[in-house]
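Take a look at the structure below.
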Amino acid sequence: MVTITTEPATTSRWDDVQHALTGGGDGASCQCIWPVLSNKDWNETTTPQRKEMLRKEIDSGPPPGIIAYVDGEAAGWIRIGPRTRQARIPRTRMIAAASTEPFDDETVWAVTCFVVRREHRGGGLNLELLRAAVDLARESGARLIEGYPVVTGGEKQRSNDLFHGTLGTFLEAGFTEKTELKPGRALVTLELS
């Protein structure tokens, strides 16, 4: 029986953040900076710059994500935080058109990224990460959490295409499907207050 635990991404856990992000897929090159940059800014950064940006974000706090551990080894990551700190969200037309929440509201948080190391995929880590993210948001005063998951329809998809999470995971964690963003993507919410 494996033991899954979660911890906020803090400066002292930097090596664990890197281990979680570099286990296959786009996490190593993205460094989970994609959600916080506009397309223009993203295209002008390199992987080392993104890594440094994530380090600075973690160092300045509050934790922008959570690390999942399997038997003590960093195995997965989720980005959670106020939408106001994730610049890509209001710039994404389909989200801007679908969300009914004001984009300057600090109490509206968003889940924008999941990464699970290849050897730990299929073990339920995304659900554990999402549950821990909900707890962090609640403890931090969030009123509502949005997610923008992939609707798989039960079909197998490439791991790199699932970094938004899957609809099934969000529904299992208590989120409600609000609307379709586009075919294959949904807007989900969870009221915390």
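A few points about this structure:
- Residue in the stretch 122-138 that is modelled with pLDDT under 95 and over 25 Å from residue 31 (Cα atoms) present: no
- Being part of a helix (DSSP H, G or I) and over 13 Å from residue 110 (Cα atoms) is a description that does not apply to residue 155.
- Matching residues, the stretch 69-94, being hydrophobic (A, V, I, L, M, F, W, C) and more than 22 Å from residue 53 (Cβ to Cβ): 70, 75, 94
- Search result, residues across the stretch 5-54 that are of a type in the set (Ser, Thr, Tyr) and within 16 Å of the chain's Cα centre (by Cα): 6, 10, 22, 29
Conditions (1) in contact (Cβ under 8 Å) with a residue 12 or more places away in the chain; (2) in contact with a helix residue (DSSP H, G or I) (Cβ under 8 Å, 6 or more places away or on another chain); (3) charged (D, E, K, R), marked per residue:
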| residue | (1), (2), (3) |
| --- | --- |
| 16 | yes, no, yes |
| 20 | yes, yes, no |
| 30 | yes, yes, no |
| 36 | yes, yes, no |
| 40 | no, no, yes |
| 68 | yes, yes, no |
| 78 | yes, yes, no |
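- Residue within the stretch 102-121 that is at positive phi and either modelled with pLDDT under 95 or among the hydroxyl-bearing types (Ser, Thr, Tyr) (or both) present: no
- Residue within the stretch 135-145 that is small (Gly, Ala, Ser), crowded, with 16+ Cβ neighbours inside 10 Å and in a helix (DSSP H, G or I) present: yes
- Single condition residue 69 does not satisfy, out of (1) under 17 Å from residue 87 (Cα atoms); (2) of a type in the set (Ser, Thr, Tyr); (3) crowded, with 18+ Cβ neighbours inside 10 Å: (1)
- Looking across the stretch 154-173, the residues that are touching a residue at least 24 places away in the same chain (Cβ under 8 Å) and either out of contact with any Lys or Arg (no Cβ under 7 Å at 6 or more places or on another chain) or under 23 Å from residue 30 (Cα atoms) (or both) come down to 159, 160, 162, 163, 164, 165, 166, 169, 170, 172.
The values are calculated or read from the model by the stated rules, or taken from the named source; none is laboratory data. Just so we're clear, the structure is a prediction, and the values are computed from it rather than from any experiment. All Cβ positions, glycine included, derive from the backbone under ideal geometry; neighbour counts span all protein chains shown.
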